[in-house]
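The values are calculated or read from the model by the stated rules, or taken from the named source; none is laboratory data. Source: prediction; values computed, not measured. Positions of Cβ are generated from backbone atoms using ideal geometry, with glycine treated the same way; all protein chains shown enter the neighbour counts. Surface areas here come from the heavy atoms of the whole protein model, side chains and all, with no ligands, DNA or RNA. Shrake-Rupley method; radii C 1.70, N 1.55, O 1.52, S 1.80 Å.
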Amino acid sequence: MGQLKFTFSDTITGYVTRFNRTERSFGLKTSDGREYTMFITPMTYARISQNLDEGYIDATGRLGELLEEENLVYAYCIFYPNGDDYRIEVKSMIFPGDQIGNYRHEEPDWWIKQIRAIADSYLKWQFGYPENQIDYRDYRTFLHLAGGKKGDYLQETDTISRLVYGFASAYLLTGEDRFLEGAELGTEYLREHVRFYDNDEGLIYWYHGLQVSGEREQKLLTSEFGDDYDSLPMYEQIYALAGPTQTYRITGDPQIMFDIEKTIDLFEKYYKDDQQGGYFSHIDPITLDPRSPTLDKGNNRAKKNWNSVGDHAPAYLINLWLATGEEKYADFLEYTFDTIEAHFPDYANSPFVQERFFEDWSHDKSWGWQQDNAVVGHNLKIAWNLMRMNSLRPKEKYVAFARKIAELMPAVGSDRQRGGWYDVVSRTIAPGEEYHRFTWHDRKAWWQQEQAILAYMIMRGVLKDDEYLRHAREAASFYNAHFLDRDDGAVYFNVLANGLPYLMGNERFKGSHSMSGYHSTELCYLAAVYTNMLIKKTPMNFYFKPKPGGFKDNILRVAPDILPPGSIRLTAVEIDGKPYQNFDAEKLAVNLPAAQHALRVKVTITPV
Amino acid sequence: MDIVTKVEGANIIAVISGEIDGKTAPTAQAKLLDALQVGAGLLVDMQEVSYLSSAGLRMLLLLYRQVAAKKGRVVLVGVSDEIRDTMSMTGFIKFFTLADSREAGLAALA
C-alpha cells in the first residue's frame, strides 16, 4: 500500500534526544528506541501534568528549558505527507514533571491528594455530601460522567463494596473522618441489606444487589449479567469482602471479621475444588453446586478462571493478613499463588497467561468473549501480586514468574508509540501477522494502567532494576497525563490510543458495573506506598481508628502493604493526638491501651 | 416433597407438601416455573411443608424474581412459624405476601 497520503493526528511519546532552537525542531525517542524529528509551530502549547483539584500549569513559555535530552514528553502531532516522508508538527505537549527528569507523581503527597479528590467526588455524587448526610439508600451503581444519577435504582453489592474500599483507603492515607464514615456506613449497609446468613450451613454469601425504590427494596440473589446470569459468580463474593476488609484494617470491628470468616467458609465449602485444586468460578444459586447443569446457561459449569483463583489476594486476602497476621491467611495466599504459578503460564504457546480452565485445568478457549484472548492487566496483576507474596513467603518461582511477565508485557501489551497499556488482545499471532490483534478496540482502560503502574513500581522497589523504574514512570506518567478528569472529578474509564478520553456508551460513566471508585483509589493507596516506601524512601503517615476490644490482643497492625522484611520501620505513634511509645518498630505493631472509645491512631512509617 | 399445581382463573395454585431442601428445591423450582407459564399470580400453599432449608429459601427468592419480572405476584399460604422466623432472619419476609388461608391468599392476588 505504501505511504498513507493524507494528514492525520496522533500522539508520539518519548524521550527528547536533541532540540534545534533555530529550526524549532526536536528529536523524540520512543520507549522501544525509535526516533522521530518533530517541529514546533507558533501555535504549539504545552502543560505540566497536573493533579486532580489543581489548576492548569502552562509550560508553553518554557519549551526551550523543558525540551532537554532525556526528558519524557507526550506530543500530540499532525502528520503532513511530505515527499516520501511526513513532516510532524506538534500541536500540544504534556510534560510529566516541571524539571528535567522530574516526575510529579513521585512527589510525596501526589497520590494522597489524588485519593482525597476522588473520594470526595464520590461522596458528593453518591450522597450529596457535605450538604447531605451519607446515606447508602441514595447509592446508585450507575453515575454519569459528571457524577449525576441515571434515574435507575440499582445497587450492586460489588460496587458498593469497592467504593467502601476506596473510602477506607482514603482514610488510611488522610485520617479525615468523612472517609471512615463513608466506609463504616457502607459496610453496615452491606451487612444489613445484601448479606445472606445461611442458618443451615452457618455461612454467609452476598446477594448480587438490590433494586431500591423509596423505602422498598428488591433483593437480587443472582447476577443480572450475561456472563454470570442466574449463578453466584465467585468474583462477586470476593469483591463483596473488599470494602469491609479494608475497613477492618482501620477499626478491627468484630462484626466485619465474623462476616469475612463466614464468607471464606463459603469459599472453602462450595467453591474450592479439593480434588484438583483451585476455586470454581460459579456455583448454582440453589444447590451451591459448581457442577450443576443449570450453569451451562452461561457456559460456567465446572470452570475455573483468573478471578476465582487470583482475585482473592488483591481484593481482600492480603489486607486480611495485614490486619491479623494470621498464618491461616498466609497459607491461603500461598495456596492461591502456587495454584496460579502451577497452571497459568503457557509460554510455549503465548506470551500471555492462560486465564480460563476446565476443572482438570485443561485450557478453556471457548468461553464467551474471552475465547483465546488475553486481558493484559491480568498478566500485570499477577506480577504485582507475586511480588507482594514473595515478601511474605519468598519463593524463587514467584520472582521468576513475575520477571517473565514484566519482561514480556511491554512488547505485546503496551503502546510503545504513544504510551499506556492496552485492554484485551489475542493471545497468539496468526501466521503472517506481526501484531497481536485487539479484540474489541485499541483503547486503554484505567484499571489496566493501574496494574502496570503497580507491577513495575513494586518490581523496581523490591528488585532494584532501573528498567522496571522506567516502565513504572512511563505508565504512571501516561495515566496522570490523560486519565484524570479535572473538570468533573475522578478518572475516565477509557482513553483512545492517543490518550484523549473516550466518552461514549458505558465508558463515559463514572459509576457502572465495572467502575465505582475502587481501582483508582487502590492505585493511589499503593502507588503512594511503593513510591514513598520503596523508591523515594520517604516517611509516610497512616491513620487508624480501632474500636474498643476490636483487634485480637489489642494489637493494631499498621504495615501498609506486604513489603520486603526489614525495609520499613514504625518510627512514631500518636494516640488521640499524643505521642505514644508502646509499639514494636520492627513488627509494625501498636500495643493499644485499654479504652472505652475508638482511638485515633496516627503512625509514621519510615523506610530503612 | 410433592407439588400439585392447578390453574384457577388468572392464577396458579401450587400445593407443596414435604421437605424443601437442597435435594428437592431444584425440582420444586422447575415445576413452579413451568406452572408460571400460564398465569400471572402464584399462590404457593405451604401448609403441608414440614421443613424449608436455606436452599428452599433461595428457590423462593429466585421464583419471586421471575414472577416480579413478569409483573406478577406471589402469595405464600400457611407458612409455619418456624419457617416464618427463618424468612424473617434472612430478610426474605418483606418480599412475599403471606396469608393464613387459601381464600385469603386468593383475595390478596385479586
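For first residues located in the range B:10-24 and in contact (Cβ under 8 Å) with a residue 60 or more places away in the chain, partners that are open to solvent by less than 40 Å² (accessible area, probe 1.4 Å) and acidic (Asp, Glu) and lie 6+ apart or on another chain with Cβ distances below 7 Å form the pairs B:Ile13/B:Asp45.
Among the residues of the range A:533-567, those that are assigned to a helix (DSSP H, G or I) and either closer than 18 Å to A:Ala170 by Cα or without any contact (Cβ under 8 Å) to a residue 40 or more places away in the chain (or both) comprise A:Met533, A:Asp553.
Take the conditions open to solvent by 20 Å² or more (accessible area, probe 1.4 Å), among the aliphatic types (A, V, I, L, M) and touching a residue at least 24 places away in the same chain (Cβ under 8 Å) and apply them to A:Leu386. Does it pass? In short, no.
The set of residues in the range B:79-92 being of a type outside the set (Ser, Thr, Tyr), within 11 Å of chain A (Cβ to nearest Cβ) and not in a helix (DSSP H, G or I) consists of B:Gly91, B:Phe92. When we screen A:Pro565, A:Pro546 for residues that are open to solvent by less than 40 Å² (accessible area, probe 1.4 Å) and not hydrophobic (A, V, I, L, M, F, W, C), the only hit is A:Pro546.
In summary, strands (runs of 3 or more DSSP E) completely within the range B:1-78 and bearing 2 or more residues that are crowded, with 21+ Cβ neighbours inside 10 Å occur at B:11-20, B:41-52, B:73-77. Every test in (1) under 24 Å from A:Gly420 (Cβ atoms); (2) in contact with a strand residue (DSSP E or B) (Cβ under 8 Å, 6 or more places away or on another chain) is passed by A:Arg24 save one, and that test is (1). Could we say that A:Asp561 is closer than 29 Å to A:Tyr456 by Cβ and not assigned by TED's automatic domain parsing to the domain that holds A:Glu156 here? Yes. For the range A:211-233, check the following and say yes or no: at least one residue is away from chain B (no Cβ under 14 Å) and crowded, with 24+ Cβ neighbours inside 10 Å. Yes, the range A:211-233 contains a residue that is away from chain B (no Cβ under 14 Å) and crowded, with 24+ Cβ neighbours inside 10 Å.
Look at B:Leu63 and say whether it is modelled with pLDDT under 85 and within 14 Å of chain A (Cβ to nearest Cβ). Yes, satisfied. When the range A:84-102 is examined, which residues are found to be part of a strand (DSSP E or B) and either crowded, with 19+ Cβ neighbours inside 10 Å or touching a Phe, Trp or Tyr at 6+ places or on another chain (Cβ under 8 Å) (or both)? Correct list: A:Tyr86, A:Arg87, A:Ile88, A:Glu89, A:Val90, A:Lys91, A:Ser92, A:Met93, A:Ile94, A:Phe95.
Test A:Phe332 against the stated conditions and say whether it is open to solvent by 10 Å² or more (accessible area, probe 1.4 Å), under 23 Å from A:Asp289 (Cβ atoms) and among the aromatic types (Phe, Trp, Tyr). Here the answer is yes, as A:Phe332 does meet what is asked. Which of the following residues is within 23 Å of A:Asp85 (Cβ to Cβ), open to solvent by 10 Å² or more (accessible area, probe 1.4 Å), touching a residue at least 12 places away in the same chain (Cβ under 8 Å) and among the small types (Gly, Ala, Ser): A:Ser31, A:Ser25? Exactly one residue qualifies, and that residue is A:Ser31.
When the criteria are applied in full, A:Phe8 meets the requirement of being of a type in the set (A, V, I, L, M, F, W, C) and exposed (fewer than 15 other Cβ atoms within 10 Å of the Cβ).
Can you name every residue in the range A:1-58 that is in a strand (DSSP E or B) and of a type in the set (Val, Ile, Thr)?
Scanning the range A:1-58 gives A:Thr11, A:Ile12, A:Thr13, A:Val16, A:Thr17, A:Thr37, A:Ile40, A:Thr41, A:Thr44, A:Ile48.
Does A:Ser477 satisfy the condition of being buried (at least 17 other Cβ atoms within 10 Å of the Cβ) and out of contact with any Pro (no Cβ under 7 Å at 6 or more places or on another chain)? Spelling it out, it is not the case that A:Ser477 is buried (at least 17 other Cβ atoms within 10 Å of the Cβ) and out of contact with any Pro (no Cβ under 7 Å at 6 or more places or on another chain). Remark: pairs (first residue in the range A:516-530, assigned by TED's automatic domain parsing to the domain that holds A:Gly186; second residue outside any helix (DSSP H, G or I); Cβ separation under 6 Å; 6+ apart in sequence or on different chains) = A:Ser520/A:Val491; A:Val529/A:Pro560; A:Val529/A:Asp561. Among the residues making up the range A:168-196, a single one is within 14 Å of chain B (Cβ to nearest Cβ) and in contact with a Pro (Cβ under 7 Å, 6 or more places away or on another chain): A:Leu190.
Checking each residue in the range A:352-370 for being modelled with pLDDT of 95 or more, polar (S, T, N, Q) and surrounded by fewer than 19 Cβ atoms within 10 Å (Cβ to Cβ) picks out only A:Ser362. Within the range A:357-394, being closer than 21 Å to A:Lys464 by Cβ and part of a strand (DSSP E or B) holds for no residue. Can you find a residue that is farther than 24 Å from A:Leu266 by Cβ, within 14 Å of another protein chain (Cβ to nearest Cβ) and buried (at least 18 other Cβ atoms within 10 Å of the Cβ) anywhere in the range B:97-109? No, that holds for no residue. Evaluating A:Asp265 against the criteria (1) away from chain B (no Cβ under 14 Å); (2) modelled with pLDDT of 95 or more leaves one unmet condition, (1).
Selection of the range A:568-581 for residues being assigned to a strand (DSSP E or B) and open to solvent by 30 Å² or more (accessible area, probe 1.4 Å) yields A:Arg569, A:Thr571, A:Ala572, A:Glu574, A:Lys578, A:Pro579, A:Tyr580.
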